[in-house]
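Student: Dropping a structure here in structure tokens format, bear with me for questions.
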Amino acid sequence: MNARFKNEKVKRSYLKSMREARGYAPATIVAIERAISRWEEFSENEDYGRFTAKKAVAFKKYLEEAGTGGKPLSANSRYHCLHHLKQFFGWLSTQPGYRSKISADAISYLTLDRKTVRSISSSSQPKWPTLEYVKALVVSIDPVTELDRRDRALIAFLLLSGMRDKAVATLPLGCFDPETLEVQQRPTAGVDTKFGKSFKTVLLPFDEILLEVVKDWCHYLRTERLFSDSDPMFPQTKVKQAEHNLSFERAGVEPSFWGGTGSIRDILKLRAHRAGLAYYYPHSFRHAHVHLAMRSARSAEEIRAISQNIGHENIGTTLITYGKLDEYRVGEVVRRLDLRPGGSDDLTESERQAIEKLLRRRGGIA
């Protein structure tokens, strides 16, 4: 069998497994396929079964010096490319016809040196908006038009809920209760949650002004626009033809859901530009939400609640992905620790290990 054809057949089988059995998102599947294609470029479509440690080392040098199309890759891109390839060859080593050809030791060579990995970790610290920034951005929007009111509420809601932009873009009005501040993230109601999970999120009242902006918007939609429970909480912009049919203009909102999350990014960019403020992408508001909530947490139970409130089943996911602390904050937290025996006795062993790992990584302990 032609090596190229054989490789393509194996690759398709792997991508199908990642998509259907593992439930990976389309964007991740594209990244995996890109990483494998880079290996194919490097190896000139050589049979995957001829993978060796020596070739893994040569491939790392190829990425650093030539990359794909003759352009070197950044350290961050190389890190993720190698990560995807390690997963692929690890899977391949368990498949018939490859078990005796690909060793775990050879696969382990698809790793960057520790110094580079540490530099990636330190340089990729997420940046998020502060509470003061969000308040300033919201206040900068004079609620003259319907679109002004929607955009104010959207920005406030992103911070108070900590929800992913896909979920916000697909959230029906009936899934939010202004009295209890509960948001039912239910895929059965059309909410696009990660992995199709269904859970409840409670808005955290970081600021009363922001909370009132959200409540006021919901009240307006129900009482003046007569939106139903199935209509979007953040509807798309209505566009109509201007006078003399020469152009189109924005004319409030219509009870239709956005087709994606691009409109949320556009709104944040537009409003930040008009206010003379820096732009923060939608997911950074989720980071800000967790950061603010964690500052108020005083027990393991409260940390668990924050984690579950944003849809994480494992507290370690919240701590490692969203619990990034700057050096000053690490010092603050460490100095405030209750070091008395039994001071933090309500942690499970897995949570204790996750927190220990987090503190080591954040505190610079080797």
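The values are calculated or read from the model by the stated rules, or taken from the named source; none is laboratory data. Just so it is clear, the structure is predicted and the values come from calculations on it, not from any experiment. In this analysis, Cβ positions are derived from the backbone assuming ideal geometry, glycine residues included, and neighbour counts consider all displayed protein chains. SASA here: full protein model, heavy atoms, side chains in, ligands and nucleic acids out. Shrake-Rupley method; radii C 1.70, N 1.55, O 1.52, S 1.80 Å.
Student: Considering Gly162, Gly196, which residue is open to solvent by 40 Å² or more (accessible area, probe 1.4 Å) and within 18 Å of the chain's Cα centre (by Cα)?
Tutor: Values: Gly162 fails: open to solvent by 40 Å² or more (accessible area, probe 1.4 Å).
Result: Gly196 is the single residue among Gly162, Gly196 that is open to solvent by 40 Å² or more (accessible area, probe 1.4 Å) and within 18 Å of the chain's Cα centre (by Cα).
Student: Do any residues in segment 13-25 that are over 18 Å from Asp192 (Cα atoms) have Cβ atoms under 9 Å from those of residues that are acidic (Asp, Glu) and at pLDDT 80 or above, where the two are at least six apart or on different chains, and which pairs are they?
Tutor: Within 9 Å, the pairs are Leu15/Glu33.
Student: Which residues, counting only those in segment 94-114, are open to solvent by less than 30 Å² (accessible area, probe 1.4 Å) and either among the basic types (Lys, Arg) or in a loop (DSSP other than H, G, I, E, B) (or both)?
Tutor: Quick first cut of segment 94-114, residues open to solvent by less than 30 Å² (accessible area, probe 1.4 Å) only: 98, 102, 106-107, 110, 112.
Scanning segment 94-114 gives Tyr98, Ile102, Leu110, Leu112.
Student: For segment 213-229, name all the residues that are within 19 Å of Ile141 (Cα to Cα) and among the hydroxyl-bearing types (Ser, Thr, Tyr).
Tutor: Correct list: Tyr220 only.
Student: For segment 289-301, how many residues meet the condition of being in a helix (DSSP H, G or I) and either open to solvent by less than 20 Å² (accessible area, probe 1.4 Å) or hydrophobic (A, V, I, L, M, F, W, C) (or both)?
Tutor: Restricting attention to segment 289-301, the residues satisfying the condition of being in a helix (DSSP H, G or I) are 289-296, 300-301.
Imposing the further condition that a residue be either open to solvent by less than 20 Å² (accessible area, probe 1.4 Å) or hydrophobic (A, V, I, L, M, F, W, C) (or both) reduces the set to 289-290, 292-294, 300.
Qualifying residue count for the region: 6.
Student: Among (1) at pLDDT 90 or above; (2) part of a helix (DSSP H, G or I); (3) more than 25 Å from the chain's Cα centre (by Cα), there is one condition Glu46 misses while meeting the rest; what is its number?
Tutor: Going through the list (1) at pLDDT 90 or above; (2) part of a helix (DSSP H, G or I); (3) more than 25 Å from the chain's Cα centre (by Cα), Glu46 breaks only (2).
Student: Tell me whether segment 166-188 contains one or more residues that are open to solvent by less than 30 Å² (accessible area, probe 1.4 Å), among the aromatic types (Phe, Trp, Tyr) and over 19 Å from Ser263 (Cα atoms).
Tutor: yes
Student: Something else now. From the list Arg274, Arg286, Arg304, exactly one residue is open to solvent by less than 20 Å² (accessible area, probe 1.4 Å) and either out of contact with any strand residue (DSSP E or B) (no Cβ under 6 Å at 6 or more places or on another chain) or modelled with pLDDT of 90 or more (or both). Which is it? Spell out how you get there, then give the answer.
Tutor: Numbers: Arg274 fails: open to solvent by less than 20 Å² (accessible area, probe 1.4 Å); Arg304 fails: open to solvent by less than 20 Å² (accessible area, probe 1.4 Å).
Every option except Arg286 fails the conditions.
Student: May I pose another question? Out of everything in segment 313-329 that is in a loop (DSSP other than H, G, I, E, B) and either at positive phi or open to solvent by 50 Å² or more (accessible area, probe 1.4 Å) (or both), what residue ends up being modelled with the lowest pLDDT? Give the derivation first.
Tutor: Within segment 313-329, the first condition is being in a loop (DSSP other than H, G, I, E, B), and the residues that meet it are 313-314, 323-326.
Restricting the remaining residues to those that are either at positive phi or open to solvent by 50 Å² or more (accessible area, probe 1.4 Å) (or both) gives 313-314, 326.
Details: Glu313: 79, Asn314: 77, Asp326: 52.
If we take residues in segment 313-329 being in a loop (DSSP other than H, G, I, E, B) and either at positive phi or open to solvent by 50 Å² or more (accessible area, probe 1.4 Å) (or both), then Asp326 is modelled with the lowest pLDDT.
Student: Is it the case, given these coordinates, that Ile310 is under 16 Å from the mean Cα position of the chain (by Cα), modelled with pLDDT of 95 or more and either surrounded by 19 or more Cβ atoms within 10 Å (Cβ to Cβ) or not β-branched (Val, Ile, Thr) (or both)? Spell out how you get there, then give the answer.
Tutor: Working: under 16 Å from the mean Cα position of the chain (by Cα): yes; modelled with pLDDT of 95 or more: no; either surrounded by 19 or more Cβ atoms within 10 Å (Cβ to Cβ) or not β-branched (Val, Ile, Thr) (or both): yes.
Taking the combined requirement at face value, the residue does not satisfy it.
Student: Within segment 58-76, can one find any residue that is more than 30 Å from Lys166 (Cβ to Cβ), open to solvent by 80 Å² or more (accessible area, probe 1.4 Å) and more than 31 Å from the chain's Cα centre (by Cα)?
Tutor: no
Student: Ok, one more. If you take the residues in segment 1-25 that are of a type outside the set (Lys, Arg), out of contact with any helix residue (DSSP H, G or I) (no Cβ under 8 Å at 6 or more places or on another chain) and assigned to a helix (DSSP H, G or I), which one is least open to solvent (accessible area, probe 1.4 Å)?
Tutor: That would be Ala3.
Student: If you scan segment 77-114, which residues turn out to be under 26 Å from the mean Cα position of the chain (by Cα), farther than 25 Å from Lys16 by Cβ and aromatic (Phe, Trp, Tyr)?
Tutor: Tyr79
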